[in-house]
Amino acid sequence: MLGHPSFAFLLCSRVLANMGFHMLGVAVGWQLYALTGSALDLGLVGLAQFLPIVLLTLLVGQVADRCDRRLIAVVCQLVEAAAALALVAATVTGRQSNTTILAIVALIGAARAFESPATTALVSDVVPRPLIARAMAWLVSANQTAQIVGPALGGFLSARSPEAAYVAAASLFVVAGMCAAVIRSRRGPRAVEPLTLESVFSGVAFIWSRRVLLGTMSLDLFAVLLGGATALLPVYARDILDAGPRGLGLLRSAPAVGALATSIFLARYPLRRRIGPALFRTVMVFGAATIVFGLSTSFALSLVALAVLGASDVVSVVIRASLVQIRTPDAMRGRVSAVHSLFTGTSNQLGAFESGLVGALVGTVPSVLLGGIGTVAIAVLWMVLFPELRRVHQFEE
């Protein structure tokens with residue numbers, strides 16, 4: 001895969017941008033919880049990232065299909081760098097209120113709402129179709145590497161000062177933009193259809209008409225929505241495991257350790273058969289690992305549970321992303337990827353809000369346990385509601 005230079009630049013851009021994003025996640029979470037001591041405020045961070053994705057989904061899909069996807073990535077990463085520097089300014093001037101932090105996080109969420117579908121759709125522009133599944137596994141490996149290094153580095157720098165973490169993240173976003181700028185597309189000019197109400201909603205209509213894609217995305221949405229334990233990691237690190245900011249960085253990195261090992265294996269030995277059954281099994285393992293983490297009072301056991309959680313999650317990520325790329329026409333990949341980003345953004349960011357809200361109402365540990373049990377139940381229910389997904393044997397139709 002690295003023999004394709006443009007894919008190598010795309011890989012580097014994704015690694016650096018995601019590393020910066022996860023560094024910000026640790027630094028913002030630790031600073032916000034230190035300021036307010038509220039689990040609900042941690043959930044609001046997820047909501048602040050989620051709302052721009054919902055509001056901009058139809059727009060970003062059109063932009064990704066009509067504009068230069070490389071330029072979109074560059075602009076978004078520079079906006080994220082500016083937002084990180086705004087967090088530095090707010091901290092240095094003493095204006096780091098929860099309102100200011102959440103507003104800046106919302107700006108980052110808006111930038112990522114444009115960036116994610118554009119960079120995902122770029123995969124099919126830089127690699128041949130037979131290599132898409134393997135390319136997606138490589139990209140997932142890159143993302144997991146970022147989730148290992150980014151949180152750990154973010155925790156280490158946050159222990160020194162939040163400003164250090166924010167400056168480092170801004171630098172990574174700038175370099176990521178430089179890598180995106182030199183990507184060269186294999187595709188010729190795309191024919192752009194007229195902008196009509198039908199074309200605006202065509203991504204939604206396409207997914208709705210494909211039961212396999214609808215079932216895959218909705219399964220991920222509800223499973224991760226209920227199992228979003230990572231939003232409460234600052235509470236675990238500070239109040240339950242007594243691990244401090246460095247421990248928080250390790251906890252944030254643990255799911256990515258398991259995911260990285262699994263994604264490297266999938267890049268070398270990609271899934272080819274019995275795709276549907278593998279998806280349901282891994283979602284159930286995800287739920288079980290969430291339950292173990294929720295019950296744990298041991299730092300070591302918590303790390304292991306989170307690693308298993310990440311390993312199981314990455315299998316469903318590779319399956320879902322590969323199905324979307326392979327079973328979507330090239331002219332619609334931006335719009336379908338935007339709707340895909342809405343599903344994943346809903347599950348991650350809204351799941352973080354749900355965990356924070358339930359944690360504030362019933363307690364942190366019950367919130368995580370209920371989420372894990374709910375994830376297993378959703379997997380069983382979806383096996384009944386989407387039997388065609390259970391019968392998927394290969395990525396190609």
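Restricting the search to region 358-384, which residues are closer than 17 Å to residue 316 by Cβ and either surrounded by 16 or more Cβ atoms within 10 Å (Cβ to Cβ) or hydroxyl-bearing (Ser, Thr, Tyr) (or both)?
Within region 358-384, 371, 372, 374, 375, 376, 378, 379, 382, 383 meet the criteria.
Across region 76-117, which residue is farthest from residue 10 (Cα to Cα) among those that are of a type in the set (Ser, Thr, Tyr) and in a helix (DSSP H, G or I)?
99
Tally the residues that are without any contact (Cβ under 8 Å) to a residue 12 or more places away in the chain and more than 14 Å from residue 45 (Cβ to Cβ), restricting the search to region 87-113.
Number satisfying all stated conditions: 4.
Return the residues of region 264-282 that are charged (D, E, K, R), free of Cβ contacts under 8 Å to residues at least 40 places away in the same chain and more than 15 Å from residue 137 (Cα to Cα); say none if nothing qualifies.
281 - this is the single residue of region 264-282 that is charged (D, E, K, R), free of Cβ contacts under 8 Å to residues at least 40 places away in the same chain and more than 15 Å from residue 137 (Cα to Cα).
Name the residue that is surrounded by the fewest Cβ atoms within 10 Å (Cβ to Cβ), counting only residues in region 101-127 that are modelled with pLDDT of 80 or more and of a type in the set (D, E, K, R).
112
Quick check on residue 73: is it closer than 18 Å to residue 11 by Cα, touching a residue at least 40 places away in the same chain (Cβ under 8 Å) and either surrounded by fewer than 22 Cβ atoms within 10 Å (Cβ to Cβ) or within 18 Å of the chain's Cα centre (by Cα) (or both)?
yes
Residues in region 310-327: is at least one over 17 Å from the mean Cα position of the chain (by Cα) and more than 23 Å from residue 212 (Cα to Cα)?
No, region 310-327 has no match at all.
Pull up region 267-279, narrow it to residues that are surrounded by fewer than 18 Cβ atoms within 10 Å (Cβ to Cβ) and touching a Lys or Arg at 6+ places or on another chain (Cβ under 7 Å), then point me to the one that is nearest to residue 130 (Cα to Cα).
Result: 270.
If residue 183 satisfies all but one of (1) of a type outside the set (Asp, Glu); (2) part of a helix (DSSP H, G or I); (3) farther than 26 Å from residue 316 by Cβ, what's the number of the condition it fails?
(2)
Determine which member of the set 235, 204, 257 is more than 22 Å from residue 131 (Cα to Cα) and within 18 Å of the chain's Cα centre (by Cα).
257
If you take the residues in region 128-176 that are crowded, with 22+ Cβ neighbours inside 10 Å and under 23 Å from residue 65 (Cα atoms), which one is modelled with the highest pLDDT?
The residue in question is 176.
Within region 256-266, does at least one residue satisfy the condition of being buried (at least 24 other Cβ atoms within 10 Å of the Cβ) and in contact with a Pro (Cβ under 6 Å, 6 or more places away or on another chain)?
no
Read through the list (1) at pLDDT 85 or above; (2) among the small types (Gly, Ala, Ser); (3) surrounded by fewer than 21 Cβ atoms within 10 Å (Cβ to Cβ), then give the number of the only condition that residue 94 fails.
(1)
The values are calculated or read from the model by the stated rules, or taken from the named source; none is laboratory data. Predicted, not measured: the structure shown is a model, and the values here were computed from it. A quick note on method: Cβ atoms are made from the backbone with ideal geometry, for glycine too, and the neighbour counts reach across all protein chains shown.
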